[in-house]
1. What's the extension gain from ASP72 to GLU98 if we count 0.36 nm per residue and subtract their Cα-Cα distance?
2. Could you work out the per residue convex hull volume over the alpha carbons of the chain, in cubic angstrom?
3. For the modelled label position 7 Å from the Cα of LYS47 along Cα-to-Cβ, which residues of region 66-107 have backbone nitrogen atoms closer than 16 Å?
4. Counting only C-alpha contacts under 8 Å and six or more residues apart, can you give the relative contact order of region 7-115 as a whole percent?
5. Cα to Cα, under 19 Å, and not fewer than 8 places away if on the same chain: which lysines meet these conditions relative to LYS19?
6. Counting DSSP beta bridges with both partners in region 7-115, what percentage is antiparallel, nearest 5?
7. Between ILE4 and ASP37, what is the label-to-label distance in nm when each label sits 7 Å out along the Cα-to-Cβ direction?
8. How charged is the neighbourhood of ILE88? Take every other residue with its Cβ under 11 Å from the Cβ of ILE88, and add Lys/Arg as +1 and Asp/Glu as -1.
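What follows is calculated from the coordinates using simple rules that are stated; it is not laboratory data. A quick note: this is a predicted structure, and the numbers were derived from the prediction, not measured. FYI the Cβ positions are ideal-geometry reconstructions off the backbone, even for glycines, and counts take in every protein chain you see.
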Amino acid sequence: MMKINNPAIDLILDIADTKQASDVLVLDVSEQCDFSDLFIIMSAETKRQIKSIVNDMTLDLKNIGYDKKRIDGIDSLEWVVVDYGDFIVHVFDEDNREKYSLETVWEKSKEIIRIH
């Protein structure tokens, strides 16, 4: 798994790899966005997989000192957004990833890493 030398982001990338998330993307949105610097976007095939990714991520990040500010979508498990302030994690099911196409909305942002 690739690393970007940021402990929190590297941990998220490791969890995405371990939990077999697909099409993992880290975007630098700092030039276009005033509420966050990075978006980490990934897809999962099932609600169970989404829940597992989010649960492991929030617990492991808390263990290294990162506590989420807000979490949305945990009830539907179709698009879960976990806001950590400086970075926001988006875990999508495949249909909603295509439907909302954040890559298109934030197309002027710099792609830091993409793992297919």
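1. Value of the extension gain: 7.5 nm.
2. 94 Å³
3. Zone members listed by number: 73-81, 92-96.
4. 33 percent
5. LYS3, LYS47, LYS51, LYS62
6. Roughly 70 percent of the DSSP beta bridges within region 7-115 come out antiparallel.
7. It is 1.0 nm.
8. -1
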